[in-house]
Amino acid sequence: ECPFCGEAAGRELEEHVRARHGHLLGAPGTGNGEQLYECPMCSLTCTNIQILEEHVDLHLEEHNFSEGTGMFHCDEDLELAQQLQTEEDERQRSEEETREREEFKKLQRQYGLDNSGGFKQQFLKNMEREVDRGRMQPFEYHKRKADMMESLASGIDDGRTKTSGVIEALCKYYQNENKDVKRVWLSAGVDHFHSSLGDRGWGCGYRNFQMLLSSLLQNNSYNDCLRDTTLIPSIPKIQSMIEDAWREGFDPQGASHFNSRLHGSKAWIGACEIYSLLTSLRIKCQIIDFHKPTGPMGTHPRLFEWILHYYSTDNEGGAKVVCTSKPPIYLQHQGHSRTVVGIEEKKNKSLCLLLFDPGCSSQQMQKLLKQNSDGSGLKLLRKFVGSLKEKQYQIVTVDGVLSLEEKAARCRASQVLTSERIP
């Protein structure tokens with residue numbers, strides 16, 4: 001705004017003042033005859049018109065600078081906003097990294113890879129808890145601790161979680177059962193092993209290996225390759241056996257996942273570790289991957305059909321109950337594994353698997369040994385198509401013995417181990 005007339009002059013104020021009000025820049029002289037010039041902005045008087053013009057120019061420059069402060073503040077606001085956004089991005093990134101670390105630690109704990117100890121440490125800790133709660137007497141604690149230490153030293157399972165004779169009891173039951181079962185195929189004899197205080201929550205893979213091995217040890221066809229494994233090994237011993245298989249060169253990718261170390265940990269194992277261990281013992285086996293549902297509602301009828309074919313091949317005939325010489329099947333899905341010991345075919349053509357679950361206690365399995373059972377105990381074993389609805393399943397099946405050359409070839413092939421996929 002012009003200081004003389006109040007007219008809005010904008011950025012052309014300097015030109016406006018000079019053009020319209022240049023005559024006002026002069027002022028009456030002093031009494032001694034000297035001409036004075038008064039500044040229209042601040043009333044400063046000068047004796048030289050050039051000095052006054054320079055003075056007014058400074059006022060005008062200051063005025064122009066003040067007009068530009070709006071842009072100056074905008075730049076400051078933009079810089080502040082960018083700084084705040086950068087700080088917010090860094091905060092979110094830090095929180096995300098913290099969240100990822102916590103999630104990773106959680107997964108490590110869940111899968112036993114957090115260096116928190118293994119079978120021995122968990123066994124002792126859980127027994128101490130039982131004593132504190134009054135569920136175990138101190139003398140029993142010391143006795144079981146001594147038995148556990150002996151088992152660890154020998155590498156032999158103590159047999160406390162084993163139940164034998166279930167397959168034989170099932171054979172007798174089905175021979176007298178006349179309701180809705182048309183035919184049933186049972187695996188060769190197999191002992192049931194359940195999780196103990198030392199491996200509860202993570203030991204299912206090891207317990208299922210013990211079940212499979214218990215069946216192979218009863219089959220003379222495997223005497224040669226199992227001559228160094230005549231008794232069921234303990235879980236720490238099985239961990240060492242898998243590490244030995246890795247050192248031979250089996251499944252280097254899997255070994256890397258566990259940092260080549262299982263012993264002394266609570267690490268979960270799956271089908272690939274079972275395959276590597278069996279193959280290292282010269283036991284011929286294969287992994288079959290049912291990688292997606294093949295029926296309605298996320299079911300896997302192809303899995304049931306494959307298992308029926310496995311047990312019924314070479315076991316055709318008119319008998320209602322077929323006690324085969326086939327070893328049981330290791331069945332894996334996300335988070336758990338079980339052992340398939342047979343399959344029922346109902347009169348309506350539906351199929352039902354018979355599973356040994358390491359989560360079932362000896363007390364529950366003992367009920368199946370009663371010859372006059374009404375079949376209610378079979379609820380523990382029976383799984384219909386609608387009961388198995390995980391996204392993926394893997395099975396490990398055993399079929400004979402490998403020569404040394406075949407074992408070496410499979411070791412080389414396991415460098416890029418892939419399972420057979422059932423479409």
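The values are calculated or read from the model by the stated rules, or taken from the named source; none is laboratory data. Quick caveat: nothing in here was measured; it's all calculated off a predicted structure. No Cβ is skipped: glycine too gets one built from the backbone with ideal geometry, and neighbour counts run over all protein chains shown. The area values use the complete protein model at the heavy-atom level, side chains included, leaving out ligands, DNA and RNA. Shrake-Rupley method; radii C 1.70, N 1.55, O 1.52, S 1.80 Å.
Contact map, the range 262-282: first residue buried (at least 23 other Cβ atoms within 10 Å of the Cβ) and of a type in the set (A, V, I, L, M, F, W, C), second residue at pLDDT 95 or above and in a helix (DSSP H, G or I), Cβ cut-off under 6 Å, separation 6 or more or different chains; pairs are Leu262/Gln239; Leu262/Ile242; Leu262/Glu243; Ile269/Gly205; Ile274/Phe209; Leu277/Met241; Leu277/Ile242; Leu277/Ala245. For the range 173-215, residues that are within 17 Å of Gln364 (Cβ to Cβ) and aromatic (Phe, Trp, Tyr) total 2.
Residue by residue, here is whether (1) assigned to a helix (DSSP H, G or I); (2) within 30 Å of Gly189 (Cα to Cα); (3) basic (Lys, Arg) holds:
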| position | (1), (2), (3) |
| --- | --- |
| Lys125 | yes, no, yes |
| Gly134 | no, no, no |
| Met149 | yes, yes, no |
| Ala153 | yes, yes, no |
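Only one entry of Ile287, Ile329 meets the criterion of being among the hydrophobic types (A, V, I, L, M, F, W, C) and buried (at least 21 other Cβ atoms within 10 Å of the Cβ), and that entry is Ile329. A residue that is among the acidic types (Asp, Glu) and modelled with pLDDT of 95 or more can be found somewhere in the range 185-194. Kindly provide the set of residues from the range 216-260 that are over 27 Å from Phe123 (Cα atoms), in a helix (DSSP H, G or I) and open to solvent by less than 10 Å² (accessible area, probe 1.4 Å), ordered by number. Matches in the range 216-260: Leu216 only. Of a type in the set (Gly, Ala, Ser), touching a helix residue (DSSP H, G or I) at 6+ places or on another chain (Cβ under 9 Å) and at negative phi, is that true of Ser350? Yes: the conditions hold for Ser350.
A Cβ distance below 7 Å, combined with a sequence gap of six or more or placement on separate chains, defines the contacts here; from the range 220-249, residues that are touching a residue at least 60 places away in the same chain (Cβ under 8 Å) reach residues that are among the polar types (S, T, N, Q) in the pairs Ile232/Gln210; Ile232/Ser214; Ser234/Ser151; Glu248/Ser280. Determine which single condition Leu197 fails, assuming it passes every other condition in (1) closer than 15 Å to Cys323 by Cα; (2) not in a helix (DSSP H, G or I). All conditions pass for Leu197, except number (1). The set of residues in the range 159-205 being within 16 Å of Pro358 (Cβ to Cβ), more than 30 Å from the chain's Cα centre (by Cα) and open to solvent by less than 20 Å² (accessible area, probe 1.4 Å) consists of Thr163, Val166, Val190.
Residue-wise test of (1) in contact with a Lys or Arg (Cβ under 8 Å, 6 or more places away or on another chain); (2) farther than 19 Å from Gly205 by Cβ.
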site	(1), (2)
Thr299	yes, yes
Glu305	no, yes
Leu331	yes, no
Gly342	no, yes
Leu355	yes, no
Pro358	yes, no
Ser361	no, no
Gln364	no, yes
Leu368	no, yes
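Might you let me know whether the range 253-264 holds any residue that is farther than 24 Å from Asp199 by Cα, at pLDDT 95 or above and under 20 Å from the mean Cα position of the chain (by Cα)? There is no residue in the range 253-264 that is farther than 24 Å from Asp199 by Cα, at pLDDT 95 or above and under 20 Å from the mean Cα position of the chain (by Cα). Residues that are open to solvent by 50 Å² or more (accessible area, probe 1.4 Å) and assigned to a strand (DSSP E or B) were ranked within the range 395-404; the one that is modelled with the highest pLDDT is Val401.
Name the single residue, out of those in the range 109-158 being touching a Ser or Thr at 6+ places or on another chain (Cβ under 9 Å) and loosely packed, with under 14 Cβ neighbours inside 10 Å, that is modelled with the lowest pLDDT. Filtering first and then ranking leaves Arg109. The set of residues in the range 241-252 being within 22 Å of Gly201 (Cβ to Cβ) and within 23 Å of the chain's Cα centre (by Cα) consists of Ile242, Glu243.
Taking the range 161-184 only, how many residues are basic (Lys, Arg) and at pLDDT 95 or above? Qualifying residue count for the region: 1. Can you tell me which residues in the range 352-390 are touching a residue at least 60 places away in the same chain (Cβ under 8 Å), open to solvent by 80 Å² or more (accessible area, probe 1.4 Å) and touching a strand residue (DSSP E or B) at 6+ places or on another chain (Cβ under 8 Å)? Residue satisfying the conditions is Gln366 alone.
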